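Structure first, then comments.
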Amino acid sequence: MYNTGMALITPTGIVFNNLVYTCHRAIKEQWFSNSFQGDKLLTIWYRPEDLSSIIICNDEGDVCRLVIITPFEGRKLTDYQEAIECFKAAKRNFRKTVFRSSQKGFPR
């Protein structure tokens, strides 16, 4: 079940529950750039038991992913590549979940 909440667009990213998210649309439209004047609130859907992603309540239902903010200094390239593969797997699993939910009356 999805709950409704408010997220804040900041220069750092989309902040919800002290976690930072981003999505393709935010990057493409440069929501986080210096040209963005002031912070803006977004209405979102989220699952309290899984905050790895949030959904923006708009016509497109953009899915935003959690950004893990950790320095990679001193880490191996393989660590970075493994993190990317984990992200891709999580993305595939989330899409399957959203697809199944959409067939059960998921909010649009």
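The values are calculated or read from the model by the stated rules, or taken from the named source; none is laboratory data. These numbers were taken from a predicted model, which means no experiment stands behind them. Please note: Cβ atoms are built from the backbone with ideal geometry, for glycine as well, and neighbour counts cover all protein chains shown.
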Kindly establish whether Phe72 is out of contact with any Lys or Arg (no Cβ under 7 Å at 6 or more places or on another chain), modelled with pLDDT under 65 and of a type in the set (A, V, I, L, M, F, W, C). yes
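Does Ala90 satisfy being surrounded by 11 or more Cβ atoms within 10 Å (Cβ to Cβ) and modelled with pLDDT of 90 or more? Write out each step before concluding.
Details: surrounded by 11 or more Cβ atoms within 10 Å (Cβ to Cβ): yes; modelled with pLDDT of 90 or more: no.
Criteria not met by Ala90.
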Only one of Leu42, Leu51, Leu77 is hydrophobic (A, V, I, L, M, F, W, C) and modelled with pLDDT under 80. Can you tell me which? Leu77
